[in-house]
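Only one structure is covered here, and it is reproduced in the block below.
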Amino acid sequence: GLPDEQIQKGKDIKSVSEIVQDGKKFKITVTTGSKVLTNEFTIGEECEMEMLTGEKVKAIVQMEGNNKLVASLKGVKSVTELNGDTITNTMTMGDLTYKRISKRI
């Protein structure tokens, strides 16, 4: 439902993600231009996470296997998978899917 111009802007945006793990605790910081989004959570425990819109929601993040983080945030299922130097984040809401592939720098 977005204009083509906005969709292209979204595709052109570059972001840097930093993931720090300490046992079951994670801190994920995503920097996109001047916007910095930081979320901290412990696997299996309820936490408050900030969405890209700035809205804060309650969520529980689960670990599948040893390389996949799965969370449901306000009707959006987020799956982040680390394979070697590649992170794949897939977000699904109804029949819409967003997929972003990042490389380690």
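Over 14 Å from the mean Cα position of the chain (by Cα) and surrounded by 10 or more Cβ atoms within 10 Å (Cβ to Cβ): does that describe LYS58? So LYS58 fits the description; yes. Counting only residues that are within 16 Å of the chain's Cα centre (by Cα) and either open to solvent by less than 50 Å² (accessible area, probe 1.4 Å) or within 18 Å of LEU82 (Cβ to Cβ) (or both), the stretch 5-30 holds 14 of them.
You will find that of LEU2, LEU69, LEU96, the residue that is open to solvent by 50 Å² or more (accessible area, probe 1.4 Å) and modelled with pLDDT of 90 or more is LEU96 and no other.
The rows are residues; the columns are (1) open to solvent by 40 Å² or more (accessible area, probe 1.4 Å); (2) closer than 20 Å to ILE7 by Cα; (3) aliphatic (A, V, I, L, M).
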| position | (1), (2), (3) |
| --- | --- |
| GLU40 | yes, no, no |
| GLU45 | yes, no, no |
| MET63 | yes, no, yes |
| VAL76 | no, yes, yes |
| THR80 | no, no, no |
| ASN83 | yes, no, no |
| THR88 | no, yes, no |
| ARG100 | yes, yes, no |
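The values are calculated or read from the model by the stated rules, or taken from the named source; none is laboratory data. Since the structure is predicted, the reported quantities are computational estimates derived from the model, not experimental observations. Backbone-built Cβ (ideal geometry, glycine too); neighbour counts: all protein chains shown. All accessible areas refer to the heavy atoms of the entire protein, side chains included, with ligands and DNA or RNA removed. Shrake-Rupley method; radii C 1.70, N 1.55, O 1.52, S 1.80 Å.
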